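Working notes, structure below.
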Amino acid sequence: MIDYTPPSIADLKRLKEELGYTGEQMAALASLSGGQQWRKYTGGAAPRSVGFHMLFFIAARLSLPPEALQQVGEKMLSLGACLDPSRLHKDG
């Protein structure tokens with residue numbers, strides 16, 4: 001098990017500001033269905049914590065070049081997934 005503490009709501013809001021993204025764009029970055037889903041992580045009475053896997057995916061999309069993400073997608077295909085690897089890039 002990986003020792004993990006999720007980012008705070010303030011951390012997530014800061015990331016959104018630094019990127020200059022809308023809630024919809026943040027949702028797309030995290031592969032959520034829309035801005036309303038993203039807001040579940042940044043507000044309300046009981047905000048959700050960002051899981052390790054989601055933060056890993058966000059960080060990968062923000063830091064890896066498209067070729068590396070394509071390679072990951074191809075590995076996922078070889079493991080039996082059905083997906084379009086080009087959609088892994090943050091702009092995909």
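The values are calculated or read from the model by the stated rules, or taken from the named source; none is laboratory data. The model shown is predicted, which means the values in this text are computed figures rather than measured ones. Positions of Cβ are generated from backbone atoms using ideal geometry, with glycine treated the same way; all protein chains shown enter the neighbour counts. Only protein heavy atoms, including side chains, enter the accessible area calculation; ligands, DNA and RNA are left aside. Shrake-Rupley method; radii C 1.70, N 1.55, O 1.52, S 1.80 Å.
LEU64 satisfies every condition listed in (1) in contact (Cβ under 8 Å) with a residue 24 or more places away in the chain; (2) within 26 Å of LEU83 (Cβ to Cβ) except (1).
Every test in (1) over 17 Å from the mean Cα position of the chain (by Cα); (2) assigned to a helix (DSSP H, G or I) is passed by GLY80 save one, and that test is (2).
For segment 16-64, which positions are open to solvent by 40 Å² or more (accessible area, probe 1.4 Å) and of a type in the set (Ser, Thr, Tyr)? Within segment 16-64, TYR21, THR22, SER31, SER33, SER49, SER63 meet the criteria.
Summed over segment 69-80, the residues that are open to solvent by less than 80 Å² (accessible area, probe 1.4 Å) and either farther than 16 Å from PHE57 by Cα or at pLDDT 95 or above (or both) give a count of 2. Name every residue in segment 1-36 that is closer than 21 Å to ASP84 by Cβ and either in a loop (DSSP other than H, G, I, E, B) or of a type outside the set (A, V, I, L, M) (or both), in order of residue number. Hits for segment 1-36 are GLU24, GLN25, ALA30, SER31, LEU32, SER33, GLY34.
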